[in-house]
1. Report the full-extension gain for the segment residue B:524 to residue B:499: residue separation times 0.36 nm, less the Cα-Cα distance, to one decimal in nm.
2. Can you give the FRET efficiency for residue B:533 and residue B:175, using 1/(1 + (r/R0)^6), R0 = 51 Å, r = Cβ-Cβ distance, to the nearest 0.05?
3. Report Rg (one decimal) and Dmax (nearest whole number) for the range A:1-76, counting Cα atoms only, units Å.
4. Find how much the distance from residue B:4 to residue B:375 grows on full extension, using 0.36 nm per residue of separation minus their present alpha carbon separation; answer in nm with one decimal.
5. Under the definition of partner shielding as Cβ atoms of other protein chains within 10 Å of a residue Cβ, what is the mean value for peptide A:50-59?
6. Give me the inter-chain shielding for B:593-604: mean count of other chain Cβ atoms within 10 Å, whole number please.
7. In vacuo Debye scattering of the range B:328-548, one point per C-alpha: log10 I(q)/I(0) at q = 0.09, 0.15, 0.17 Å⁻¹?
8. Between residue B:364 and residue B:186, what is the spin-label point distance in nm, taking each point 7 Å from the Cα along the Cα→C-beta axis?
């Protein structure tokens, strides 16, 4: 299997000499094509920082990140934007849809900034909308949709460009349990049928249990790793809970 | 003290938000000072008494205009401070949750307004004093005075006046802020940035219908003030097209956003290219939320363009007219009144005075014209109750009266003989004419009358003058005039063969000539003495009136200066206000925009694409009201050309160019400041 994402000994420090915070303290791992990886950790464990450096929103202090074999820590300026535009898809906790555009236009925007023609845009938007079951909200504005629908629109926008890697930051954070479940099932669907590679950050064991692999982070280091293997989702969930109990701290609050 | 520190910190921190506000206040103060300081600048000029009278009138009008201007600026400042409060809702929310009382927040705002007010007054007055030095050059140029020595002028009156006016405005703003704060609720303050915008796209069919109707109404209003202008006989009728224009402007903006959006969306290649869909949506949501402001801005820009170009063209035309219409230095006119009430109970020798010519009559008054007049011509003007406008117009009279109701058909035509007119024309350097014994010519230069008379002349209307039947030589009026003046006001004089007027008594003698002296000071001194002598003989039986190039020049200069200063004052203030409102509206949305652009950046939009989107968004926003205002102005100017007909409009192009320069400088700099401030705001990372 080829490595879509390869992280080598990255570190990220904040602050100055007198008060140094090590948000990431030497993390290495790989993600293979078609994997659905969840990163779990309590608030302040460094999981969001990890996502930010992978998504090139933030820079690492040391170490290297390779996506599709390319070292993204050396990218700058517009080549960084180009990389982000063409190789990554983003899903955020608060959706980040443009409130002035309809669902269709929000999804289309990701393609139109790549100078793709309107006919091709239409074909792909409709196809993706079908996959995510949002065909009937395409002409609505974000404020006219439910949270779950908004997040699925955001997901459609993230995957429509056929990115190498989809990054999701607490995608279920603002959703009720029913919408969460529906969204995660869609993630599984995208992962299995379209072979989308997904890296998701969450502090919720239920959300994490939909992934094929879970990485646990504590104090900027990898604490443990679980693979789903042949387990059912319920069994996988139970083993995640075991690790979470071991981790202790405020992660328990999420249960 | 803590509150004071907080206020200072706030101002420093949100300086970027205050830039436009501060800039506008400073300009407002400076302009207010400059135009109120004009009076003290004219004091130093060496001008005649009649000019200083005009200056007095001008400063009176300017201070009246200042009251109006202070209202506009007052509204603008309140509008601006409302935006600034809105922008800081969250901050106030935090203060309230920390347990700070609303009274204390009001005090913070009070201190802030005070500091900003004081700073803007200091800087604005400083700038105003500097600008008014430049203004004094303009003033000297306007009044044709020499600026041989430069002197620094500081106007105490204007200074105090600016302080008082702006003091009152700031006090009102403080009261207003306190009121706003006392009304607000904590939950709204804290959640103010979470509200996502609701997009109400108007029904495209309704939009289209409204748009088409508005355009038709607007077109009708345009027609009424241009081609259909003859139907606007009374002043109050002008209000109908103004109201029609304003209302249709409102509805054009109301329907515009939906229509443009729908139109662009149907052109898929355009809409789904780069960030176009985003830019268009941004624009349409902005237009939708400020239809009323857009209307006001558009109308203000329209008024600005018309005021500026009309007032500048008045000044330019007046100086151009002066050369053409006052070709000689002095003109004396003696009315010869033979009516019964005038001649009753007069002695024989007194009546004989009526037959004297101008030179001799003046000599009787102790004025020897040979002493100061070089070359001169004396002419006689005739008229008779048997030849009125009604008689000249003949059978066409009723048709013409139906169209031009302000005509008085009973006024008597003025008549002059061809040889006398040609003598005068030679002196004036005008075209001379030749006619056969049965012909007549009409000279006129007041365009509306020229048009009416041409209609009659085209019919080859014969007239009867003192028993002779004459036919018109030309089918059109000829250019020319007899009395010197500042404007084209000759509504028609008949030129007839000499023999027609033989043995007839004139009703007016006119003497026109040039002075022997060449220096301006000598001429002024001479006219001072002439005026005195004429005044001593005021009650005389034979009244003589004098009119001179200098008097006309002063009147036109005064009128021109008045028009220019009032035009500039109002024009600049209007322009400032409309640009400031647009800028504030755009910047007040910068918080929302920041989120949107941050998101665009996250999905990988290039920086130059983002900057271009921002630039286009702001450019379209600034251009929209301007475009409609320019269309309005095209027709508005046609109307004002009609109104200002007598002044002549030859210099219109120059004044339009000047107006464009003003527009570009003020409107353009607001646009650029807005663009660069927005750019820094969206660049900030949280």
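1. Working: separation 25, 0.36 × 25 = 9.00 nm, distance 4.08 nm.
Between residue B:524 and residue B:499, full extension yields 4.9 nm more.
2. Details: r = 62 Å, r/R0 = 1.22.
After rounding, the FRET efficiency stands at 0.25.
3. Just the Cα atoms of the range A:1-76 yield Rg and Dmax of 12.8, 44 Å.
4. Numbers: separation 371, 0.36 × 371 = 133.56 nm, distance 7.87 nm.
Contour length minus the Cα-Cα distance gives 125.7 nm.
5. Values: counts 0, 0, 0, 0, 0, 2, 2, 4, 0, 0.
Other-chain Cβ atoms within 10 Å of each residue's Cβ, averaged: 1.
6. On the way: counts 0, 0, 4, 6, 0, 2, 8, 4, 3, 8, 15, 19.
Average neighbour count from other chains, rounded to a whole number: 6.
7. -0.41, -1.06, -1.25
8. 9.7 nm
Where a number appears in this text, it was derived from the coordinates with a stated rule and is not lab data. All of these numbers come straight from a predicted model, not from anything done at the bench. Don't worry about glycine lacking a Cβ; one is built from the backbone with ideal geometry, like all the others, and counts go over all protein chains shown.
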